[in-house]
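Inspection log for the structure reproduced underneath, given as structure tokens.
The values are calculated or read from the model by the stated rules, or taken from the named source; none is laboratory data. Only a predicted model underlies this, so the values are computations on that prediction, with no experimental measurement involved. Please note: Cβ atoms are built from the backbone with ideal geometry, for glycine as well, and neighbour counts cover all protein chains shown. Areas reflect the complete protein model, heavy atoms only, side chains present, ligands, DNA and RNA absent. Shrake-Rupley method; radii C 1.70, N 1.55, O 1.52, S 1.80 Å.
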Amino acid sequence: MQDVTEDQSVARSYLRWAAVEAEERSPRYAEWARGVAADPALCAAIAELEPVKRQPNLLFAAARFEGVPLQPWADVRDMVAGAWDRIRSTMLARMTQTNEARRMATLLPAIAHLTGPIALVEVGAAAGLCLYPDRWRYRFGPGRYVGDASLPLLETEASPSTPLPAEPPLVAWRGGLDLQPLDPADPDTRAWLEALVWPDATGGVDGARVDRLRTGIAIARREGAELRRGDLTADTRALVEEAARHAPTVVVWHSAVLAYVSAYERAAFADLMGELPVTWVANEGASLEIGPPAPWASPGDFVLRRDAEPIAITDPHGAAITWLDDIAR
């Protein structure tokens with residue numbers, strides 16, 4: 001069998017990402033990923049980075065952060081190549097930290113059964129924008145609203161069996177953990193998070209997502225949270241212990257985080273969640289094994305789990321949730 005070189009591996013991963021992750025959600029990024037895959041020089045340059053830094057999300061955000069516009073790949077390829085040193089430096093210095101607030105709309109049903117105040121912990125919190133489920137209103141389809149009408153709105157398409165709380169949770173304390181926590185008051189944070197917003201179906205800037213992002217930043221700046229620098233396997237316990245001093249129920253949740261750690265770390269984190277007295281809500285890629293299998297999920301789906309048990313599939317960016325009872329199996 002012929003060995004696969006590192007640059008060939010990069011090309012294959014970008015092609016897979018284009019087909020599975022981007023094609024239906026962002027045709028522009030799918031086109032960019034296929035363009036990278038067909039470019040031996042760029043693949044070789046990317047292959048020089050450690051695997052966690054080779055992600056299309058990170059490359060494309062870094063390129064945009066360094067001034068590459070959202071135009072067809074044929075028009076920007078030379079810009080990317082010409083700015084490679086700056087783009088590479090940004091990729092090395094930063095992480096994929098999408099911080100999409102709409103994911104809270106797909107996380108919230110997992111804790112619809114809880115009553116009373118909660119202390120909320122998020123791992124992989126970035127700027128902490130998903131620590132404020134009580135500061136938004138939600139629309140889960142026609143006539144299915146949760147929360148006060150005066151609050152900003154998050155919308156998702158929810159299947160009929162999706163459980164909805166009568167009201168958003170009362171959050172008594174909120175804390176986040178991240179390897180590189182972002183300060184929501186720093187203009188550089190806003191610039192980086194906006195660069196991470198995928199282009200919309202037209203190939204241009206997704207104005208709705210940018211507006212949500214800016215609203216989420218404003219909420220985080222106004223209210224503040226306990227954001228700590230740390231590793232999820234080593235430092236979550238201490239943050240949970242702090243959270244437990246503020247409310248009788250501690251919820252630990254996260255979305256699109258565990259793909260960026262090793263299988264060993266994922267297993268260690270799952271063991272930790274099983275040990276701690278928390279409600280654990282994980283919204284991660286279908287291919288990640290952090291509990292019982294979910295064979296009914298497609299490769300591009302996220303699987304929502306509560307205490308490791310799969311309970312729904314979701315859109316990775318929070319656009320939809322389908323409860324287990326509504327999934328054809």
> Do you know which residues across the stretch 169-190 are over 11 Å from Arg229 (Cβ atoms), open to solvent by less than 20 Å² (accessible area, probe 1.4 Å) and among the aliphatic types (A, V, I, L, M)?
Replying inline: Val171
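Every residue, every condition in (1) touching a strand residue (DSSP E or B) at 6+ places or on another chain (Cβ under 7 Å); (2) under 12 Å from Ser255 (Cβ atoms); (3) buried (at least 23 other Cβ atoms within 10 Å of the Cβ), yes or no:
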residue: Met95; (1), (2), (3): no, no, no
residue: Ala105; (1), (2), (3): yes, yes, yes
residue: Ile118; (1), (2), (3): yes, no, yes
residue: Val121; (1), (2), (3): yes, no, yes
residue: Gly128; (1), (2), (3): yes, no, yes
residue: Ser159; (1), (2), (3): yes, no, no
>> Take residues that are in contact with a Ser or Thr (Cβ under 6 Å, 6 or more places away or on another chain) and not acidic (Asp, Glu) and tell me which of the helices (runs of 4 or more DSSP H) falling wholly in the stretch 67-173 contain 1 or more.
In response: 103-107
> Pick from Thr162, Thr156: which is closer than 26 Å to Leu258 by Cα, in contact (Cβ under 8 Å) with a residue 12 or more places away in the chain and within 19 Å of the chain's Cα centre (by Cα)?
Replying inline: Thr156
> For Asn99, which of the numbered conditions (1) surrounded by fewer than 22 Cβ atoms within 10 Å (Cβ to Cβ); (2) at pLDDT below 95 fails to hold?
Replying inline: (1)
> If you go through the stretch 132-153 one residue at a time, how many are under 23 Å from the mean Cα position of the chain (by Cα), open to solvent by 70 Å² or more (accessible area, probe 1.4 Å) and of a type in the set (Gly, Ala, Ser)?
Replying inline: 0
> What tally of residues in the stretch 242-295 results from selecting those that are under 22 Å from Ala101 (Cα atoms) and open to solvent by 70 Å² or more (accessible area, probe 1.4 Å)?
Replying inline: 1
>> Of everything in the stretch 207-218, what is crowded, with 21+ Cβ neighbours inside 10 Å and of a type outside the set (Gly, Ala, Ser)? Give them in sequence order.
In response: Arg209, Arg212, Leu213, Ile217
>> Return the residues of the stretch 191-202 that are closer than 27 Å to Pro142 by Cα and either modelled with pLDDT of 95 or more or surrounded by 13 or more Cβ atoms within 10 Å (Cβ to Cβ) (or both); say none if nothing qualifies.
In response: Val197, Trp198, Pro199, Asp200
